[in-house]
1. How do 439-445, 6-12 rank on mean C-beta neighbours within 10 Å, highest first?
2. Modelled label-to-label distance, A174 and M93, 7 Å Cα→beta-carbon offset: nm?
3. Taking only Cα atoms of segment 120-274, what ratio of Rg to Rh do you get with Rh as the Kirkwood inverse-distance radius?
4. Rounded, prolate or oblate: which fits segment 274-340 when a ≥ b ≥ c are the square roots of the eigenvalues of the alpha-carbon gyration tensor, with rounded for a/c under 1.5 and prolate only if a/b beats b/c?
5. Could you pull the Cα extents of segment 108-187 along its three principal axes, largest to smallest, in whole Å?
6. Going by Cα centres, segment 244-300 and segment 384-456 are how many Å apart?
7. Based on the alpha carbons, how large is the Rg to Rh ratio for the chain when Rh follows Kirkwood?
8. So what are segment 305-419's ellipsoid semi-axes, whole angstrom, largest first, if each one is the square root of 5 times an eigenvalue of the alpha-carbon gyration tensor?
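Each value in this text was obtained by applying a stated rule to the coordinates, not by laboratory testing. All values reported here derive from a predicted model rather than from experimental measurement. FYI the Cβ positions are ideal-geometry reconstructions off the backbone, even for glycines, and counts take in every protein chain you see.
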Amino acid sequence: MSTITNHLPTAELQALDAAHHMHPFTANDELAKKGARVITRASGIYLTDSEGEEILDAMAGLWCVNIGYGRDELADVAARQMRELPYYNSFFMTTHVPAIALANKIAELAPGDLNHVFFAGGGSEANDTNIRMVRTYWANKGKPEKSVIISRKNAYHGSTVGSGSLGGMAPMHAQGGLPIPDIHHISQPNWWAEGGDATPEAFGLACAQELEEAILELGEDRVAAFIAEPVQGAGGVIVAPDTYWPEIQRICDKYEILLIADEVICGFGRTGNWFGSQTVGIQPHIMTIAKGLSSGYAPIGGSIVCDEVAAVIGQDEFNHGYTYSGHPVAAAVALENLRIIEEEDIVGHVQQVAGPYLKEKWEGLMDHPLVGEAKIVGMMASIALTPDKASRAKFASAPGTVGYVCRDRCFGNNLIMRHVGDRMIISPPLILSPADIDEMIRRIRKSLDEAHQDLI
Ligand code: PLP
């Protein structure tokens with residue numbers, strides 16, 4: 001076999017890809033027909049493919065490349081760390097400087113008394129850790145029957161058996177025997193799709209009160225925790241009505257339910273604060289982190305745990321850990337990424353510059369005939385496509401058909417924008433300038449116009 005490099009023709013790379021590479025979350029029939037687009041390099045907010053096309057990445061990879069591509073500082077830190085200590089772990093009474101430094105930095109950044117970090121390889125593993133952690137917490141407190149975790153339909157919390165069970169994605173639950181026992185799902189606060197005739201405020205409140213109903217139905221003595229993303233990402237950038245989060249916090253406090261905020265997408269500046277919990281005004285006991293922690297330059301995630309939960313879990317050995325928990329190279333890269341976010345005030349940039357400018361342009365998309373709702377928090381945003389704005393109607397075609405057409409048009413216009421059903425979503429690098437935003441919106445409008453023409 002010839003050496004496989006960027007220099008091979010695209011068709012050859014695609015054939016080799018199809019022969020041996022199984023893709024996550026990919027329509028395999030489409031893949032077989034079209035072949036995967038081969039991404040060869042990236043810089044700033046642009047990807048380059050094997051045909052030399054420059055693609056504006058409005059998804060920051062998978063919601064993760066917060067500081068943008070091509071930052072040499074991270075590459076340099078990784079190389080240095082690989083030479084000095086490429087691997088060691090923190091099992092069995094050892095530790096190392098990158099994990100110590102990163103845990104301390106995260107504890108400094110996290111709100112309230114979220115002062116303790118358990119590292120994982122990514123968000124899925126971290127949420128698996130959370131399942132074991134909250135059940136261990138209650139068992140150590142003498143209440144082992146408190147094992148049920150309440151989550152939401154259409155939530156995404158990862159792809160392992162545990163995190164996929166926490167998630168509420170029906171197509172995932174249809175495969176592989178999910179969910180595991182003692183996971184319960186309540187409604188998502190998606191007013192556009194599910195709010196019916198209620199006002200957004202009344203609907204938000206009703207969705208939150210489903211948590212209280214579930215606790216009472218399952219039994220207060222059985223429920224261990226509630227998990228949710230401050231802003232639901234992969235579910236379609238669903239922004240809860242203002243009434244939702246205060247009610248969730250009230251219910252968790254009243255019934256002493258642990259609140260887990262999955263900050264895998266929302267964390268590290270995405271919503272205009274360091275954490276999405278700050279944006280929606282909640283104080284969780286545990287936060288799940290990954291993605292923006294290293295801006296995707298190295299795989300790393302973790303759970304940030306409050307003092308009380310850490311103390312109770314720490315009463316005994318916690319029989320849990322991953323070979324790559326706190327991996328020194330990933331930890332060093334993450335620390336450098338956090339240094340850049342802090343020193344370049346990227347959170348301030350989202351809050352004061354890019355976020356407000358994008359909000360104005362994003363909400364301006366409401367003038368397009370296909371757009372029925374435009375939602376945005378910081379630098380994550382969605383539009384709902386509809387044939388009739390006033391009635392919030394769905395298209396006659398199977399759900400997702402129009403979204404897919406639009407996504408394809410974006411792809412053709414060298415723009416990465418995702419569709420979730422008939423909702424289009426973006427989560428660009430946080431470093432976008434107003435000029436970058438103008439260019440992104442230009443490509444989005446062009447793609448929407450073409451999709452609209454396709455439908456006529
Ligand atoms: N939680 C949320 C909110 C996510 O969006 C994701 C991934 O998209 C995960 C967890 C899983 O993270 P990972 O893919 O790093 O395992």
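1. In descending order of packing, they fall as 439-445, 6-12.
2. Going by the 7 Å Cα→Cβ label model, 5.3 nm.
3. 0.95
4. oblate
5. That works out to 39, 31, 23 Å along the principal axes.
6. 27
7. Radius of gyration relative to Kirkwood radius: 0.96.
8. Semi-axis lengths for segment 305-419 are 40, 21, 17 Å.
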